[in-house]
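Here the structure comes first, spelled out in structure tokens, and everything after it is commentary.
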Amino acid sequence: AQTVTQSQPEMSVQEAETVTLSCTYDTSESDYYLFWYKQPPSRQMILVIRQEAYKQQNATENRFSVNFQKAAKSFSLKISDSQLGDAAMYFCAYNKKNRDDKIIFGKGTRLHILP
Amino acid sequence: NAGVTQTPKFRVLKTGQSMTLLCAQDMNHEYMYWYRQDPGMGLRLIHYSVGEGTTAKGEVPDGYNVSRLKKQNFLLGLESAAPSQTSVYFCASSYPAPWDTQYFGPGTRLTVL
């Protein structure tokens, strides 16, 4: 069965610094999607970034980028120039490209931004 | 576009009471989901729907029922609430495929006494 592991329950970073959140997953599939979702204190979860497994190039969205290592089954999120608004719970998620399979979430990493 | 909305935002129930949570989306998405979020557990899928008139069980379906009579609405029912159902409930929809990006509602905090 597929699993998603976030080994860092909490992290802190100084404002304007860079932080990397770790995520590993277990799958025997070759075609799938990986996601990072952000859940701020307001609770509503939003997509930060996503990666399609067949694309070798790492996805980037402004200050957010991923380091996708397919062979190692690793999908880390790098946040550059951290801002106070980045404080949130971050969830890594995996979804196989199959109608019958459902998204699997990690347990989350709570990120604190220190002013 | 309101996106995904949930009603109500908060609710307190007594053990044994029933209630229905409403999820509505105005994005014409086929796929809709109900999750519960508990501390340290991440999100767990309760039920989902792949289209109007269809529903299916997720990871933790016991004690819940769902209906999707209209494409834009996905209802989650608790027939006889139990304290173990105290949680935050999230609805989500996805497009264009079930494995694609999910769009979440703001959540409903439910407390069962």
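Just so it is clear, none of the values below were taken in a lab; they were calculated from the coordinates. Computed from a predicted structure; not experimentally measured. Note: ideal-geometry Cβ built from the backbone for every residue, glycine included; neighbour counts use all protein chains shown.
Here are the numbers for the structure shown:
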quantity: Viscosity 0.890 mPa s, temperature 25 °C, Stokes-Einstein D of the stretch A:42-104 from Kirkwood C-alpha radius, µm²/s; calculated: 184
quantity: Kirkwood-based shape ratio for chain B, expressed as Rg/Rh from alpha carbons; calculated: 0.95
quantity: Separation of the residue B:50 and residue A:47 label points, Cα + 7 Å toward Cβ, nm; calculated: 2.0
quantity: Geometric extent, Cα atoms of the stretch B:8-61 - Rg, Dmax (angstrom); calculated: 13.1, 36
quantity: Cα-based equivalent ellipsoid, the protein assembly as shown: semi-axes from gyration tensor eigenvalues, Å; calculated: 30, 21, 16
quantity: P(r) weight above 20 Å for the stretch A:1-63, C-alpha pairs, percent; calculated: 40
quantity: Summed residue charge, Cβ within 14 Å of residue B:21's Cβ, Lys/Arg positive, Asp/Glu negative; calculated: +4
quantity: Shielding by other protein chains, B:95-107, mean Cβ within 10 Å; calculated: 6
quantity: Length added when fully stretched, residue A:16-residue A:78, from 0.36 nm per residue minus Cα-Cα; calculated: 21.0 nm
quantity: Chymotrypsin sites (Phe, Trp or Tyr not before Pro) restricted to DSSP loop in the stretch A:47-107 with at most 12 other C-beta within 10 Å; calculated: A:54
quantity: Total formal charge among the other residues, if their Cβ is under 11 angstrom from that of residue B:58, Lys/Arg +1 and Asp/Glu -1; calculated: +2
quantity: R0 of 41 Å, Cβ-Cβ distance residue A:57-residue B:109: FRET efficiency to nearest 0.05; calculated: 0.55
quantity: Surface/4 of the Cα convex hull for the stretch B:46-100, nm²; calculated: 4.1
